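Values in this text are rule-based calculations from the coordinates and carry no lab data. Quantities reported herein were computed from a predicted structural model and do not represent experimental measurements. For neighbour counting, all protein chains shown are included, and Cβ atoms are generated from backbone atoms with ideal geometry for every residue, glycine included.
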């Protein structure tokens with residue numbers, strides 16, 4: 001074994017370098033911040049990994065299930081059939097500018113060869129379409145009768161993590177209402193499907209606070225989803241990046257993790273924002289009162305397993321305190337989490353009056369179908385997407401097109 005060092009201005013960039021060079025199975029020995037980012041210069045992160053000696057390294061293929069292999073074959077057959085059809089049209093379509101007299105000059109031998117070639121291409125095209133339909137029937141194990149031309153869009157959506165019950169129902173609607181003349185082109189099918197899904201995604205549009213109105217936002221969710229970093233990004237957004245600078249205050253209820261408190265303290269100090277640390281509901285009331293002159297008050301909470309009912313109930317006790325404005329509850333979730341676990345997290349945290357979702361870690365996956373299905377299931381909107389580690393830049397307003405790009409543009413490896 002030997003060690004290799006990778007550096008970049010952010011941890012994510014360094015990690016991407018590691019993955020690009022050595023794949024996903026590499027062993028990370030250490031990672032650290034060598035130089036902190038300042039207003040005038042980028043930071044520097046270092047990741048040290050252990051790798052095998054060059055002569056022992058063998059190319060590794062990503063493991064695939066039998067089903068994903070069949071899906072890959074199905075898509076390749078679909079593309080091949082389209083290419084054959086296109087070739088057929090190109091070879092045998094007479095250009096408009098070509099005069100009939102010129103066509104008559106072709107000799108009989110050439111004409112016979114063209115007829116034979118055309119018949120062969122037609123046979124190949126028919127065979128590919130038959131194989132595509134056969135393979136599709138192998139993959140499609142539901143009672144949904146789906147035409148082969150929809151196989152690609154179905155495979156992409158399913159691979160994105162979308163719930164099968166949602167996908168099957170959406171496909172039924174697509175088959176029922178999509179005009180037949182639109183089904184001959186894969187891009188037309190994708191655009192139609194994109195439009196249909198977009199109308200189903202609930203989005204909470206950001207509206208800036210206008211004095212004398214105030215907004216109090218509490219962020220809850222499992223450990224490790226990025227609540228603290230998200231709050232720092234939002235604090236910077238409200239204080240510096242909107243059409244006007246707003247007054248922003250921060251409260252942290254996460255006294256369990258010293259690192260989380262220190263992190264928020266550091267961000268607050270850099271942005272010159274007031275911050276209060278709270279232990280119990282009586283302290284919470286005082287903290288809110290001391291920050292009531294702010295337009296936005298952002299509340300960080302302790303990360304909790306969705307099955308830790310005691311911690312969630314304690315969060316609920318803070319909501320009983322009288323406040324000068326309604327507390328909006330934002331459930332922060334990672335899109336890396338599979339759909340079934342997202343549902344479990346929501347169900348257990350829903351003893352709190354969840355207002356919106358904030359989805360994080362879009363930079364760590366391209367499978368966004370699970371987030372789509374959760375919003376469809378709960379009818380709760382998303383308000384923000386965290387798309388990277390950088391504060392404050394890697395935060396955007398929730399956007400249906402951004403979500404659908406990850407669902408419909410996934411490529412099979």
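If you rank 329, 396 by fewest surrounding Cβ atoms within 10 Å, what's the result?
Ordered by Cβ neighbours within 10 Å, fewest first: 396, 329.
Report the full-extension gain for the segment residue 213 to residue 354: residue separation times 0.36 nm, less the Cα-Cα distance, to one decimal in nm.
Going from the current span to full extension adds 48.7 nm.
Using a simple spin-label model with points 7 Å from Cα along the Cα→Cβ vector, what separation in nm is obtained for residue 245 and residue 317?
4.0
For a footprinting-style exposure proxy, rank 289, 9 by other Cβ within 10 Å, fewest first.
Fewest-to-most ranking of 289, 9: 289, 9.
Could you give the length gained on full extension between residue 16 and residue 336, defined as 0.36 nm per residue of separation minus the Cα-Cα distance, in nm? Don't skip to the end; give the middle numbers.
On the way: separation 320, 0.36 × 320 = 115.20 nm, distance 1.64 nm.
So the extension gain works out to 113.6 nm.
Shape of the range 290-354 from its Cα gyration tensor (a ≥ b ≥ c, root eigenvalues): rounded if a/c is under 1.5, otherwise prolate when a/b > b/c, or oblate?
Numbers: a/c = 2.63, a/b = 1.80, b/c = 1.46.
Judged from the Cα gyration tensor, the range 290-354 comes out prolate (a/c at least 1.5, a/b above b/c).
Please list the radius of gyration and Dmax for the range 268-324, considering alpha-carbon atoms only, with Å as the unit.
12.8, 37
Counting other beta carbons within 10 Å of each residue's own, what order do 349, 357, 324, 180 fall into, fewest first?
Neighbour counts put them in this order, fewest first: 180, 324, 349, 357.
Label-point separation (nm) for residue 183 and residue 34, each offset 7 Å from Cα along Cα-to-Cβ?
Spacing of the two 7 Å Cα→Cβ label points: 5.9 nm.
Report the Cα centroid-to-centroid distance between the range 242-320 and the range 145-184 in angstrom, as an integer.
44
Pop the C-beta distance of residue 279 and residue 199 into the FRET formula with R0 = 56 Å and round what comes out to the nearest 0.05. Present the calculation step by step, with values, prior to reporting the outcome.
Working: r = 46 Å, r/R0 = 0.81.
Given R0 = 56 Å and the Cβ-Cβ separation, E is 0.80.
Note down the relative contact order for the range 171-326 as a percent, whole number, built from C-alpha pairs under 8 angstrom at least six residues apart.
29
Normalised radius of gyration for the range 215-399, please: alpha carbon Rg relative to 2.2 N^0.38 Å, two decimal places.
Normalised Rg, Cα atoms only: 0.97.
Listed highest first by mean packing, meaning other Cβ atoms within 10 Å per residue, what order do 374-380, 158-164 come in?
The densest-packed peptide leads the list: 158-164, 374-380.
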